[in-house]
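Written below as structure tokens is the structure these notes are about.
The values are calculated or read from the model by the stated rules, or taken from the named source; none is laboratory data. Remember, predicted model here, so these are calculated numbers, not experimental data. Note that we place each Cβ from the backbone using ideal geometry, even for glycine, and neighbour counts take in every protein chain shown.
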Amino acid sequence: MRAREFWKVVTADRSDFLDRLIAVLAEHGIRYCLVGGQAVNAYAEPVVSLDLDVVVATDQLPEVEALMRRAFRVERFPHSLNVSEAGSELRVQIQTDPRYAPFVDRAAVSDLLGLRLPVACLEDLLQGKLWAATDATRRASKRQKDLADIARLLEAYPALRARVPAEVLDRLV
């Protein structure tokens, strides 16, 4: 089974939600990149997830929200827009935290999920995971997943260890 087919089976994406979402972004010239666990999959041994975390250019965020609301179901949260659609278990989270905005300009296109998608650069991805893993307002299970993603990145790129605070490294043991 090819990566694209596997992804569609795992996410039960019977509505082509991912393809349609990416098409909307492309058709409107939206600058974006992937962050989160799927982006980590571009750099390290992949793991399966139903989540897709995206950052869009700050100046395009109002346009993106309007586009997503016209095409999909959207829920607004303090630091994200959660986009979904009936017919797919895929959960797309568009980050609205301004700290992530510079990631878009440093992203590079990578083969991921059977597609060529912009992915945050390695250092930005690690920084985003560090923010998430140390955010006490996030659910404990989410922070554990972020720690696992940090561990995957450090296994693949040991030189990144110097960028990880001691209190996070201690939690990886």
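Only residues that are over 19 Å from PRO98 (Cβ atoms) and over 14 Å from the mean Cα position of the chain (by Cα) were counted in the stretch 134-149, giving 8.
Among residues of the stretch 163-173 being outside any helix (DSSP H, G or I) and touching a residue at least 24 places away in the same chain (Cβ under 8 Å), the one that is surrounded by the most Cβ atoms within 10 Å (Cβ to Cβ) is VAL164. Please find, within the stretch 59-95, the residue that is surrounded by the most Cβ atoms within 10 Å (Cβ to Cβ) out of those that are among the polar types (S, T, N, Q) and within 16 Å of LEU25 (Cα to Cα). Restricting to residues being among the polar types (S, T, N, Q) and within 16 Å of LEU25 (Cα to Cα), the top hit is GLN95. Looking for something closer than 28 Å to ALA151 by Cβ, of a type outside the set (Gly, Ala, Ser) and assigned to a loop (DSSP other than H, G, I, E, B) - is there at least one such residue anywhere in the stretch 51-68? Scanning the stretch 51-68, I find no residue that is closer than 28 Å to ALA151 by Cβ, of a type outside the set (Gly, Ala, Ser) and assigned to a loop (DSSP other than H, G, I, E, B), so the answer is no. Remark: pairs (first residue in the stretch 105-124, without any contact (Cβ under 8 Å) to a residue 40 or more places away in the chain; second residue aromatic (Phe, Trp, Tyr); Cβ separation under 8 Å; 6+ apart in sequence or on different chains) = CYS121/PHE103.
Residue-by-condition table, conditions (1) charged (D, E, K, R); (2) in contact with an Asp or Glu (Cβ under 6 Å, 6 or more places away or on another chain); (3) under 29 Å from ALA44 (Cα atoms); (4) modelled with pLDDT of 95 or more:
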residue	(1), (2), (3), (4)
ASP59	yes, no, no, yes
LEU67	no, no, no, yes
PRO78	no, no, no, no
SER88	no, yes, yes, no
ARG99	yes, no, yes, yes
VAL104	no, no, yes, yes
LEU112	no, no, yes, no
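Could you tell me whether ASP124 is within 26 Å of ASP13 (Cα to Cα), acidic (Asp, Glu) and either in contact with a His (Cβ under 8 Å, 6 or more places away or on another chain) or outside any loop (DSSP other than H, G, I, E, B) (or both)? The answer is no for ASP124. Any residue at all in the stretch 104-117 that is crowded, with 20+ Cβ neighbours inside 10 Å and assigned to a helix (DSSP H, G or I)? Yes, because at least one residue in the stretch 104-117 is crowded, with 20+ Cβ neighbours inside 10 Å and assigned to a helix (DSSP H, G or I). Looking at the stretch 31-39, can you tell me whether even one residue there is surrounded by fewer than 19 Cβ atoms within 10 Å (Cβ to Cβ) and touching a residue at least 12 places away in the same chain (Cβ under 8 Å)? Within the stretch 31-39 (the criterion being surrounded by fewer than 19 Cβ atoms within 10 Å (Cβ to Cβ) and touching a residue at least 12 places away in the same chain (Cβ under 8 Å)), the answer is yes, since at least one residue qualifies. Check the stretch 162-172 and report whether any residue there is small (Gly, Ala, Ser) and more than 16 Å from the chain's Cα centre (by Cα). There is at least one residue in the stretch 162-172 that is small (Gly, Ala, Ser) and more than 16 Å from the chain's Cα centre (by Cα). Taken together, the residues in the stretch 128-162 that are in a helix (DSSP H, G or I), surrounded by 15 or more Cβ atoms within 10 Å (Cβ to Cβ), of a type outside the set (A, V, I, L, M) and touching a residue at least 12 places away in the same chain (Cβ under 8 Å) amount to 6.
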